Amino acid sequence: MTKKLLVGIIMVLLCLQVVAPQTASAAIKQKDLEAYAAELGTDVEGLNRYLVDFEWGTIEEMEVGSVDELREWLGEPVTKKNLQAFLDETGLTVDDINASLKEMGLADKGYTAEDILLYTDLSWVMDYPVTSENLQELAMEVGLTEKELADLFAANGFDLYSYVTMEELYEVIYNDINGVSLHFLLQEVELNQEEFDQLLADNGVKLEDFASYEELSEFVYEASGYYEFSREDYWEMMSPFLDLIGVSQDEFFRAYDHLESVVSNDPEAFISGLEDIALRAEALGDFETSTELTEEQGKELISIWNDLMNIFQMKAEFYLVDGNTKTPVTFEELLKITDIENRILLVELFDLQGNHLLNFTITGELFGSDLLTSAPPVEAPVQEKPTESEQKHEAPVLKEKVTPTKTATETVKEEGKRLPDTASPVGNILTAGAVLMAAGAALYAWNRRKRHSN
């Protein structure tokens, strides 16, 4: 990722951190959940235990609002018919499944092949065997038919049908340097072979000089200028939202240039600092109000905010504006505000020398509302291929739904003194903002290839 992309992501998230909405998903009705569990041949307690054991996480962690969403997420159940079809196609036996369950430690928890509830768990337990269904999904993912994918493999000396597991195929496409992986990489950055050869020559390198696919892809992204956005590109993308909160183009450019300078000065320290912020923010969990935080956690949240501003080399000033009256408030005080009513929250950002960067304003109507839905999406590279458990156990995209992390009532267990009994959304908002910005920065260091996810 280029520094400009990193700066753009951070700029977008910086503008969102104070105004991001609280999100909450409706809980599934207990009777519907009980009926669904019964369909699978278990009860709610047994279903939750199964989902945890098979690395889906609990139902609450999935943050789905209905049984239909849960059913879509988990996929079809195992039946005698599709189990037999799976065995016939893969050449596996029930004994093979039981042996794998034992190797995974699931047999020790009482599981046998007959206890697997979800069809996709058959593939997960058996390390994703190559099946016609999995091959078709892979072909669709890379934008080809199965025949075209087989032909591409053959043209580069590989036999698509000679592999036992899908992981072996993913290695060819996403991890190894070969004709197949190079084909998809060049397709992604819209270069042909001649242009790629010229790119190598212009930079005085050869294909053999790259020790890994990650190193090669990093070079291609950087040298080709892929994902290279200008300030103007980001302004055009964000201006409808920024206009809504009163950020001018000049202000946006000033803040952008400042942040680009900070990142360029010491990228590694910048990234490391934000990754640390992310871990600390995630450790707080998700919470709806400040009453759910202990006094120690409240202090940590304030510390996270201060450290975040230090990393950005910025200072923030907060004001509540009521008519002609402009009252300064501290971040600590802001955490305790439940509703700004008819007032306006004014946020001013400065660099460490006191030079003004930008202002933005939030009205009482927008405070804690669905303001974030007005913001355009950030054009960012997709992440690295997840691990096996992440490939399968990933929720489908739920339309018009934002799913938060686990709620604080589940994650915050500490006892002790608590903050005043208020219901400010700001603490949760700022924590989410810190995590988002740190995640954006971490993309700078991570491999940008999207690898197989289900």
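It is to be established whether one or more residues within segment 122-140 are open to solvent by less than 30 Å² (accessible area, probe 1.4 Å) and at pLDDT 95 or above.
No, every residue in segment 122-140 fails to be open to solvent by less than 30 Å² (accessible area, probe 1.4 Å) and at pLDDT 95 or above.
Could you check how many residues of segment 227-282 are among the aliphatic types (A, V, I, L, M), part of a helix (DSSP H, G or I) and in contact with a Cys (Cβ under 9 Å, 6 or more places away or on another chain)?
Looking only at that region, the number is 3.
Could you give me the residue pairs with C-beta distances under 8 Å whose first residue belongs to segment 258-287 and is more than 18 Å from TRP305 (Cα to Cα), whose second residue is outside any helix (DSSP H, G or I) and open to solvent by 20 Å² or more (accessible area, probe 1.4 Å) wherever it lies, and which are 6+ apart or on separate chains?
HIS258/GLN313; PRO267/TYR444
Quick one: is VAL180 modelled with pLDDT of 95 or more, buried (at least 17 other Cβ atoms within 10 Å of the Cβ), in a helix (DSSP H, G or I) and touching a Phe, Trp or Tyr at 6+ places or on another chain (Cβ under 8 Å)?
Yes, satisfied.
Return the total of residues in segment 90-106 being over 18 Å from MET166 (Cβ atoms), small (Gly, Ala, Ser) and open to solvent by 40 Å² or more (accessible area, probe 1.4 Å).
1
The conditions are (1) under 28 Å from GLN30 (Cβ atoms); (2) open to solvent by 30 Å² or more (accessible area, probe 1.4 Å); (3) without any contact (Cβ under 8 Å) to a residue 60 or more places away in the chain, and GLU69 fails exactly one of them. Which is it?
The single condition GLU69 does not satisfy is (3).
Can you find, within segment 153-177, the residue that is most open to solvent (accessible area, probe 1.4 Å) among those that are more than 21 Å from SER212 (Cα to Cα) and part of a helix (DSSP H, G or I)?
TYR161
If you scan segment 195-213, which residues turn out to be loosely packed, with under 11 Cβ neighbours inside 10 Å and aromatic (Phe, Trp, Tyr)?
Answer for segment 195-213, where residues must be loosely packed, with under 11 Cβ neighbours inside 10 Å and aromatic (Phe, Trp, Tyr): there is none.
The values are calculated or read from the model by the stated rules, or taken from the named source; none is laboratory data. Keep in mind that what you see is a predicted model, and the values were worked out from it rather than measured. Because the Cβ atoms are built from the backbone with ideal geometry, glycine has one as well, and the counts that use them run over all protein chains shown. With ligands, DNA and RNA removed, areas are computed over all heavy atoms of the protein, side chains included. Shrake-Rupley method; radii C 1.70, N 1.55, O 1.52, S 1.80 Å.
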